[in-house]
1. Among the candidates GLN433, GLN385, GLN456, GLN389, which residue alone is polar (S, T, N, Q), under 36 Å from the mean Cα position of the chain (by Cα) and closer than 28 Å to VAL323 by Cβ?
2. Being over 19 Å from THR40 (Cα atoms) and surrounded by 16 or more Cβ atoms within 10 Å (Cβ to Cβ) is the filter here, so list the residues in the stretch 63-94 that pass it.
3. Counting only residues that are touching a residue at least 12 places away in the same chain (Cβ under 8 Å), basic (Lys, Arg) and over 14 Å from ASN427 (Cα atoms), how many does the stretch 445-477 have?
4. Take PRO363 and decide whether it is surrounded by fewer than 14 Cβ atoms within 10 Å (Cβ to Cβ) and within 25 Å of the chain's Cα centre (by Cα).
5. If I filter the stretch 57-76 for residues that are in a helix (DSSP H, G or I), in contact (Cβ under 8 Å) with a residue 60 or more places away in the chain and assigned by TED's automatic domain parsing to the domain that holds ALA138, do I get at least one hit?
6. Here is a check on your reading of the model: is ILE422 assigned by TED's automatic domain parsing to the domain that holds ASN340, among the β-branched types (Val, Ile, Thr) and in contact (Cβ under 8 Å) with a residue 24 or more places away in the chain?
7. Name the pairs: first residue in the stretch 167-181 and on the phi < 0 side of the Ramachandran plot, second residue of a type in the set (S, T, N, Q) and crowded, with 24+ Cβ neighbours inside 10 Å, Cβ to Cβ under 9 Å, at least 6 apart or on different chains?
8. Acidic (Asp, Glu) and free of Cβ contacts under 8 Å to residues at least 12 places away in the same chain - does that describe any residue in the stretch 362-380?
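The values are calculated or read from the model by the stated rules, or taken from the named source; none is laboratory data. Only a predicted model underlies this, so the values are computations on that prediction, with no experimental measurement involved. Note that we place each Cβ from the backbone using ideal geometry, even for glycine, and neighbour counts take in every protein chain shown.
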Amino acid sequence: MKFRTKLFLSFALLWLVLAFVGRSWFTDDLTQMLIQVKRTKAMGIAAAVAKTISGDTLAQIHSPEDPAFKIFTAKLLRIRQANQRNDIHVSYIYVIAPVPNDPSQIQITIDVKDPPLLDQYFIRNEIWPQAVTNGIAAHLQQNWGTEKIYTDRMGAWLTGIAPVFDSKGQYVATIAVDLSGKAIAGSFQHLLLLSMVTMGTALLLGLIAAILIARNATRSLDMLIEGVDEIGHGNLKFHIDVDRNDEFGQLACAINAMEKGLKENERLKLNFARYVSKHVMEQILLSDVSTLIKGERKKITVLVCDIRQFTALSERLAPEELVCLLNEFLEQMLAIIFDNNGTLDKFLGDGILAEFGAPLNDPQQEKQAVKTAIDMYRALQKLNQKWGQEGRPTLEFGIGIHTGLAIVGNVGSELRMEYTAIGDTVNIAHLMQQATKEQKVPILVSETTAKAISGQFKMRSLGELKLLERKTPIGAFAIEV
């Protein structure tokens, strides 16, 4: 018997044995992979929803008559409808929390149903016993998902959860996202059927067809496993290139879609989490992110703050004491900027550069910027009083504000990217800040900004100032504090 025949018979026999023996392994592996993909997506959606929700607002909702109730439930409905796609279909989004008088029990507090069943949005004190058996009760304050499909009186589900905290970091409730276990099982049965047809075809076509199919299937599966492993280790640049129209191609598309969603969320966090407040972050999550991070020319109000005599101060203080003082100052100033919907551009060593009106448009940007400056001044007075009582040095600063057009967006490379503003508007704000020392005032605003806030703040005109590096004088106004 020829070696080719032996090889054919050996391969055919081996393939036949593997077709039956390996079916169990293949089924388990594919099931876990599908469940893990869906579980990760459910957890990701739950985390994204929780990030957009104000814990303080949620804590105030006790009945359907509460003012924030309709707004909150409408938001949940929009998010659920936005996540009913081919690759992911969210069946339910609802709020759960421990029973007040029995924390070991979990109740569903707010549930979202389709209109016109608006009167069924609120479910009060409905105990959910499966929350204990499926593990959800033990992970209420974590971004977690059920590791297998479970059943209750409503059906079979795979659930992802994420906690909601208030502004003080206290736990309020948990967002739960349900994916249909029946739909997941249907997807698996479809993939399993296709795999069995592929195996049968391989047996009938013979050695060459079997080798090609085995090689192709192995390569595709290796790429899928490698992709899941790479993404699991945080490599969100990895792309699975499986150009197939079968279950492997579908699974590759699902994993690539998951990777794209994770990368988009990660890019969003990297771009804005350090620069904006939680409220602004919520608005960004509901906006088209791509238009925000690309460079665009728009009207903004720039605030520049700089500590006076910082060099002399740094010569007198020990480095540790200086850093402690500076951090305490910057922490309070940054909180004030965020409270007024400002965006942190960067820390300037001993100063701050912030913008108002970017990345989100703000028709009240001039008012917000000036209010921020006044709040910062008053906060510094309280800090100085505290530091004086502690025997520590006090600080003085100057703030310059100007409104105009600038280019705002991501600047840098893939290795380091920053959201910043570029243009003459930023330069003028810097020069206005420098002029505060000469004019002996803490806050200076340009004429452009002053016109927008006329009648809203006390200010006095300083006429036109000849600023450094500029040929044309600029009208300046001192804000009374």
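1. GLN433
2. Answer for the stretch 63-94, where residues must be over 19 Å from THR40 (Cα atoms) and surrounded by 16 or more Cβ atoms within 10 Å (Cβ to Cβ): PHE69, PHE72, THR73, LYS75, LEU76, LEU77.
3. Total meeting the criteria: 2.
4. yes
5. yes
6. Spelling it out, it is not the case that ILE422 is assigned by TED's automatic domain parsing to the domain that holds ASN340, among the β-branched types (Val, Ile, Thr) and in contact (Cβ under 8 Å) with a residue 24 or more places away in the chain.
7. What qualifies is ALA176/THR159; VAL177/THR159; ASP178/THR159; LEU179/THR159.
8. no
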